[in-house]
1. Using only Cα atoms, locate the centre of the stretch 196-214 and the centre of the stretch 258-322, then give the distance between them in Å, rounded to an integer.
2. Which whole number in µm²/s is D for the chain by Stokes-Einstein, with the Kirkwood Rh taken over Cα pairs at 4 °C and 1.567 mPa s?
3. Of all DSSP beta bridges located in the chain, what percent are antiparallel, nearest 5?
4. Here are some pairs, Lys8/Lys210; Lys66/Lys87; Lys175/Lys210; Lys35/Lys210; Lys151/Lys175; which of them have Cα atoms lying more than 18 Å apart in this structure?
5. In whole Hz, what ³J(HN,Hα) sequence does the stretch 168-184 give by Karplus (6.51, -1.76, 1.60; θ = phi - 60°), x for Gly and Pro?
6. In whole angstrom, note down how far apart the Cα centers of the stretch 35-96 and the stretch 9-24 are.
7. Give the relative contact order (percent, whole number) for the stretch 222-322; include only Cα pairs under 8 Å separated by 6+ residues.
8. List the DSSP H helices in the chain whose Cα atoms stretch 24 Å or more along the helix axis and whose mean Kyte-Doolittle hydropathy is at least 1.0.
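Rule-based calculations on the coordinates, nothing more; no lab input. Quick caveat: nothing in here was measured; it's all calculated off a predicted structure. Counting neighbours? That spans all protein chains shown, and the Cβs are built from the backbone with ideal geometry, glycine included.
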Amino acid sequence: MNKIDLSKNESPFNNLKEINDDIFNVLLSLNRYPKNINILNKLAEYHEIDSDNIYVGNGAADVIFKVLSVLDINSVTFSTPCFDGFKYMVQALNLSENSISLFDDGNQNFNGLINSNLFDIVILCNPHNPTGELLSLSKLDELLRCFPKNKYIILDEVYIDYTKNNVDSLSLLEKYNNLIIVRSFSKSFGLAGLRIGYCISNKKIINALKNKTVPYNINSISSVAACSALNNICKIKENIDIIIKERCKINDELIRYGFSISNSQANFIWVNAGEKAILYYRYLFDRGLEVKFYDNFGLRVSVGNEEQNNYFLKVMQDLSNK
Ligand SMILES: Cc1ncc(COP(=O)(O)O)c(C=O)c1O
């Protein structure tokens, strides 16, 4: 039996026809080098900022890895559990890891993050992976104010489009020269396979990243697809709205079945299962559902399409009756 994969926070939607058409057109001129400048200009227009403040890479993971590589840093702080990639990056770059555990209820330990003097850079995910916890703009501002000015902060916003409240973090860039905001086309734009992400920061940091990047690092197909997604933002937003609606439905139902969940503002839900996590995971796995498992802590389940979500809910309802 093929598993239903709800473990990677992917978009359940097929490409928009408009994106496919644009991809098809670029296939006819693959003899040409990519025109990366298009995606930079398109992003500048989308965010209403200068293109000199944007760096584009092969997914948010590549961009974060590049940031950690070019800055003069020795140690990295982040909440744990978190996106697994951070651990890998820190190890690959021989940096020291300073991880601050989430509280048992899944919330982040902000005092722990702020009071840690060990770090040169902190990675803050908003919403957080795996709990979906969202920090408001004022909370972010409060946190950033507490971080020393000579330390860097990566604000990883790969799930930000799924939040109901608008968190205009870009407005913080004027105040905080040490802030690097990271976004991705992998989640809300549904282009994970094309590996395209970017960061927005001050020109000095962006130049440092560009100086360590070979020309044409983004291929034509990715660049065209990302531009096409931005050109069709209204349709992308319709898909985002469906995910938010489905997430609310799943959350409400799980609460009704008696599960403890977080108020996730991302395209996944968090089941705070504690030591039962392994039992829940096995129960779902045996019924064809692949979710992300955190030992003695919980399960992170991506919001899939309606049919997948309804099946997941049915299995969870059965589980709650055991
Ligand atoms: C918090 C977080 N940051 C970064 C990434 C990597 O995103 P991308 O596919 O753009 O490399 C992920 C992927 O799941 C993630 O959860």
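1. 38
2. On the way: Rh = 20.5 Å.
Rounded, D is 63 µm²/s.
3. Details: 17 of 37 bridges.
Antiparallel bridges make up about 45 percent of those DSSP assigns within the chain.
4. Values: Lys8/Lys210 29 Å; Lys66/Lys87 14 Å; Lys175/Lys210 23 Å; Lys35/Lys210 16 Å; Lys151/Lys175 14 Å.
Lys8/Lys210; Lys175/Lys210, as the Cα separations exceed 18 Å there.
5. Along the stretch 168-184, the couplings run 7, 5, 4, 5, 7, 4, 5, 7, 10, 6, 9, 9, 10, 9, 10, 10, 9 Hz.
6. 24
7. Details: 116 pairs, mean separation 24.9, N = 101.
Here the relative contact order equals 25 percent.
8. Numbers: long enough: 233-257 (36 Å, -0.22).
Flagged H segments: there are none.
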